[in-house]
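Working notes, structure below.
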Amino acid sequence: PRFINIETKDAPLYPATKKDYIFKGWYLNGEPIGKLPEGHTGPLTLEAKFVKPLQVTFDTCGGADFAPMDVLESGRLPEFRNPMRMGYSFQGWYFDKDYLFPFTSDSFITNSCTLYAKWKKDVYSITYDGDGGILARSNPKSYTFDDGPIVLRPAMKQGYTFEGWYNQFDKKVEFIRKNTMGDMQLKAKYTKNTSQE
């Protein structure tokens, strides 16, 4: 309402709006007020107070980009999905780059801040089936997304010529490329030597 008189009762006050700001309330003489005072006979000046919304930015530390997010009036963030990073498992968000102070869905945010993603590098196993041959000890038993290229040493089997390593999909593997993912089961294949007289 723009006018009141001595008989005005229970006149509610509705929120004001301001672009990119959150309305905090109406104030009369510095005190918050929810409705117009009863029995007032003089002019009133009410002041609307606004605050900039708190905003959280995300540093995914190598993962897919995340858009900044406004903090809810409850002081918490709305639910959001975890980031993705090829070859890594997400370990949580942290308030600091040293990963000392974890963020959880219950964390109360009082200031605009940046959250940092923590990752653990996935390790994939390599198992070898030498089919009776002798395996090279230098062949790795595991690898990660960032390793490579990894050259595989041949197996040796008396009376046979090593033809190559073949994975679980019967595809020949001469080396493991960088940015490869997944456990591997490799089997040695040979060709029998023919005797010469």
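Side notes on the structure shown:
- In the stretch 108-130, residue surrounded by the fewest Cβ atoms within 10 Å (Cβ to Cβ) [restricted to those that are in contact with a Phe, Trp or Tyr (Cβ under 7 Å, 6 or more places away or on another chain) and closer than 30 Å to P154 by Cα]: K121
- Hits in the stretch 102-123 - residues which are within 14 Å of G62 (Cβ to Cβ) and not aliphatic (A, V, I, L, M): Y116, K118, W119, K120, K121, D122
- Taking each residue of the stretch 25-49 that is more than 13 Å from P1 (Cα to Cα) and open to solvent by less than 40 Å² (accessible area, probe 1.4 Å) and looking for partners that are part of a loop (DSSP other than H, G, I, E, B) and at pLDDT 80 or above with beta-carbon atoms closer than 6 Å, six or more apart or interchain, yields L28/L46; A48/A16.
- For the stretch 66-96, filtered to residues that are among the basic types (K, R) and at pLDDT below 95, the residue that is least open to solvent (accessible area, probe 1.4 Å) is R76.
- Contact annotation: residue pairs with Cβ atoms under 7 Å, 6 or more positions apart or on different chains, pairing a residue in the stretch 113-129 that is at pLDDT 95 or above with a partner that is open to solvent by 50 Å² or more (accessible area, probe 1.4 Å) and among the small types (G, A, S), are W119/G62; V123/S142; Y124/S142; S125/S142; I126/S142.
- The stretch 1-44 - residue that is over 42 Å from the mean Cα position of the chain (by Cα), within 29 Å of S74 (Cβ to Cβ) and among the charged types (D, E, K, R) and, of those, modelled with the lowest pLDDT: D10
- Selection count, the stretch 123-137, where residues are farther than 30 Å from F90 by Cβ and assigned to a strand (DSSP E or B): 3
- In the set (1) over 19 Å from the mean Cα position of the chain (by Cα); (2) surrounded by fewer than 13 Cβ atoms within 10 Å (Cβ to Cβ); (3) hydroxyl-bearing (S, T, Y), the condition left unmet by S105 is number (1).
The values are calculated or read from the model by the stated rules, or taken from the named source; none is laboratory data. Bear in mind that the values here come from a model prediction, so they are computed numbers and not experimental data. Cβ: placed from backbone, ideal geometry, glycine included. Neighbour counts: every protein chain shown. Quick note on the areas: whole protein, heavy atoms, side chains included, nothing else; ligands and nucleic acids left out. Shrake-Rupley method; radii C 1.70, N 1.55, O 1.52, S 1.80 Å.
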